[in-house]
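Below: the structure, in structure tokens.
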Amino acid sequence: MSSKTQTLEREKRWSLPAGISAVFAVVLYLVGQIVGREGVGAPDGMADYLTKLSGNHSSALLGGILQGLGLALLAAPLLYLFFAALARSDRMKRGLMLVMIVGPSMVGLGSIVSTLTLLSASDDWQGDATPGISQCFADAGSGSTEGSADKSITEDQKTECRDDAANDLRDDQSLVGLAVGLSVAGALGFLVGLMYTSLYAMRTGLLSRFWGSLGMAVGILLILPGLQFIILGFFVYLGLLFAGWVPRRPPAWAAGEAIPWPKPGDPGFGGKDDDVIEGSAEEVDQADSEIESGDPEEPDGGPQGELRKRKKRS
């Protein structure tokens, strides 16, 4: 059995599970966000978040676990794409497959641990009685002519004091260091895995230039929460691509070998050969050529003919 045949059989066997896992991971992450926000909504700052979180531990914990599992599950489609590109390129490093597994897994685990630190901080949150808030109120109201420092500061200053105390309380939790370490190391691994795999998937023709370039760029969006939907959209596309549910699937998938995309300027770029001139090879009649060249047939007796005769005699 040829290596190409083995590649096609393996990819056919795992294509649907890999596609379903990609879409399911995205759905799981989104469901986790919805569940985690139950009873919390859109809090106005960290202090408000810890206050609302204290009465919704179960939903917040479940939401954090679902989000973490969704992120960790993204390792499956990434690993499938890695092996598909590896089978079509002898320049890839097989040992980097560990990065495809460890990166998303650490990001997911870091998300769960981060949720635990928030829950622990919410247990220690005591509102305005939290250590540090009273002193902040006093410092913000110092120098005021009013008798009570607490009454002399604005509501914005009070909110700022509360949020600062809430952030300090969270940073003091014992699991914060572990959460940050897992998240940062996982994000770097995820970034390397996405860039490396997307690059070779594009070079071997498994991804178009657009999706390959997007895959190399989306890894850095892990540190930009407002743009994480782009990462989710990329993995949804991968899931549909693996399952064969996208139109115009790149031919490298069916061929079992690399079919690189033509570069700009190469013959065939854009689906056409630049050296081919469209038209027919029919012989052009002499009379037609004279008409098209602007020399219409007319007798020499007219004004135009007289002018030509004078030019010839001169």
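Numbers at a glance
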quantity	calculated
Yes/no for Tyr196 being touching a Ser or Thr at 6+ places or on another chain (Cβ under 6 Å) and outside any loop (DSSP other than H, G, I, E, B)	no
One residue from Leu207, Leu188 being in a loop (DSSP other than H, G, I, E, B), at pLDDT 85 or above, within 15 Å of the chain's Cα centre (by Cα) and under 22 Å from Ile101 (Cα atoms)	Leu207
Top-ranked residue in the stretch 38-65 [being under 23 Å from Thr159 (Cα atoms) and among the hydrophobic types (A, V, I, L, M, F, W, C); ranked as modelled with the lowest pLDDT]	Ala42
Test: Asp139 is of a type in the set (Asp, Glu), surrounded by 17 or more Cβ atoms within 10 Å (Cβ to Cβ), at pLDDT below 90 and assigned to a helix (DSSP H, G or I)	no
Pair list, Cβ < 6 Å and 6+ apart or interchain, from the stretch 110-121 residues that are within 15 Å of Ser58 (Cα to Cα) to residues that are surrounded by fewer than 21 Cβ atoms within 10 Å (Cβ to Cβ) and β-branched (Val, Ile, Thr)	Ile112/Ile65; Thr117/Val176
In the stretch 53-72, the residues that are closer than 25 Å to Leu232 by Cβ and either basic (Lys, Arg) or surrounded by fewer than 21 Cβ atoms within 10 Å (Cβ to Cβ) (or both)	Asn56, Ser59, Leu61, Leu62, Ile65, Leu69
In the stretch 1-52, the residues that are over 25 Å from Gly233 (Cβ atoms) and among the aliphatic types (A, V, I, L, M)	Met1, Leu8, Val40, Met46, Ala47, Leu50
Gly95 modelled with pLDDT under 95 and not in a helix (DSSP H, G or I)	no
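The values are calculated or read from the model by the stated rules, or taken from the named source; none is laboratory data. This one's a predicted model, so the numbers in the text were calculated from it and none came from an experiment. Here the Cβ is made from the backbone with ideal geometry for all residues, glycine too, and neighbour counts use every protein chain on show.
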